[in-house]
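The next block holds one structure in the form of structure tokens; read it before the comments.
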Amino acid sequence: MRLDLPGKTVAITGAGGGLGAGLARAVRAHGANVALLDLTADRVQAHAARLGGERYARGWAVDVRDLEAQQQVFAEVAEHFGAVDVVVAGAGVLGPLQTIGPTAPAEWDRVIDINLNGLWRTLKAAAPHVQRTGGHLVAVSSMIAYVHPPLLASYAASKAGVAAMTDVLRLEMRAVGVTVGSVHPVIFRTPMIGDALSSPAAAELVRDFSGAFKTVELDTVVAEIVRGIERRARRVVVPRRHGSAALVPGLAQAALERLLFRPRAVARAIELGSEPAG
């Protein structure tokens, strides 16, 4: 069933970055209210003011590494706008391009904690609100979830984990009327990505793997995410011509969902799994 954006409320984490800010502009242009969530408030509050002020857009400061803070913010978003219909979990970091040798354990932990654990916290905090509206959850992953380049172990592991987690959440949330999708863009230019691509190692990778890592325009990624939200898409691959990279795992998962994970059995398993241990 199509999700029409006019009058809906879309919450976006990482809304102070290039993708989040662009997506906020796009969903407002489609008539949605937008909650902009980022680590610091100044940038998202200023952006919200440009999008029409608190009636239509409002910014909140929140760290995706803090579950209780996210729960509080989503409660405030629901109270302010009356509902939460769509959540885009887009906060993330890239980390340094390094092999396992020089990678500091603390840096590995940081990337995993923000990109994977932080995204899980976002969806956990948002799920009760989105369940009330029968809405849609979106997890921003990457093409690197399927095409794993050297020097990006933490980023690839986190984004592959996001893709797998999204498949699981789709089955779980289907039982309560919520749809779940993941987004898998190739490299697109933002300040974060621009800094990373300026390194000699990145230039070498882009040259040798140009088919998988050729950059696309930010506007293209934003437009495809909006289209995916409206269609409640399971996966959004940007650009679409690279969809074959996600095709085999996507088809396998879809087949298993149909053949093995029947809605009645999933609902019963969720009911049993939610009971307190005796």
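Looking for something touching a Gly at 6+ places or on another chain (Cβ under 6 Å) and among the small types (Gly, Ala, Ser) - is there at least one such residue anywhere in the stretch 93-103?
No, because not a single residue in the stretch 93-103 is touching a Gly at 6+ places or on another chain (Cβ under 6 Å) and among the small types (Gly, Ala, Ser).
Yes/no per residue for (1) among the small types (Gly, Ala, Ser); (2) more than 30 Å from residue 157 (Cβ to Cβ):
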residue	(1), (2)
34	no, yes
44	no, no
57	yes, yes
89	yes, no
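Could you please find all residues in the stretch 46-64 being of a type outside the set (Phe, Trp, Tyr) and either over 17 Å from residue 20 (Cβ atoms) or over 21 Å from the mean Cα position of the chain (by Cα) (or both)?
Applying the first criterion (of a type outside the set (Phe, Trp, Tyr)) to the stretch 46-64 yields 46-55, 57-59, 61-64.
Hits for the stretch 46-64 are 46, 49, 50, 51, 52, 53, 54, 55.
Can you say whether residue 108 is over 26 Å from residue 21 (Cα atoms) and at pLDDT 95 or above, as far as the supplied structure shows?
So residue 108 fits the description; yes.
Looking at the stretch 46-72, which of its residues are crowded, with 18+ Cβ neighbours inside 10 Å and either among the hydrophobic types (A, V, I, L, M, F, W, C) or part of a helix (DSSP H, G or I) (or both)?
47, 48, 51, 57, 60, 62, 64, 70
Could you pull out the residue among 179, 103, 99 that is closer than 21 Å to residue 230 by Cβ and surrounded by fewer than 23 Cβ atoms within 10 Å (Cβ to Cβ)?
179
Filter the stretch 137-182 down to the residues that are in a strand (DSSP E or B) and of a type in the set (Val, Ile, Thr), then identify the one that is nearest to residue 14 (Cα to Cα).
Here the residue is 140.
Of the residues 110, 174, only one is surrounded by fewer than 18 Cβ atoms within 10 Å (Cβ to Cβ), among the charged types (D, E, K, R), farther than 28 Å from residue 36 by Cβ and more than 12 Å from the chain's Cα centre (by Cα); which?
The unique qualifying residue is 174.
Name the pairs whose Cβ atoms lie under 6 Å apart, with the first residue in the stretch 1-22 and crowded, with 21+ Cβ neighbours inside 10 Å, the second of a type in the set (Lys, Arg) and part of a helix (DSSP H, G or I), and 6 or more positions between them or separate chains?
16/43
Mind checking which residues of the stretch 132-159 are modelled with pLDDT of 95 or more and surrounded by fewer than 21 Cβ atoms within 10 Å (Cβ to Cβ)?
Correct list: 132, 133, 134, 157.
The values are calculated or read from the model by the stated rules, or taken from the named source; none is laboratory data. It should be emphasised that the depicted structure is a prediction, and the values quoted were computed from it without experimental measurement. Note that we place each Cβ from the backbone using ideal geometry, even for glycine, and neighbour counts take in every protein chain shown.
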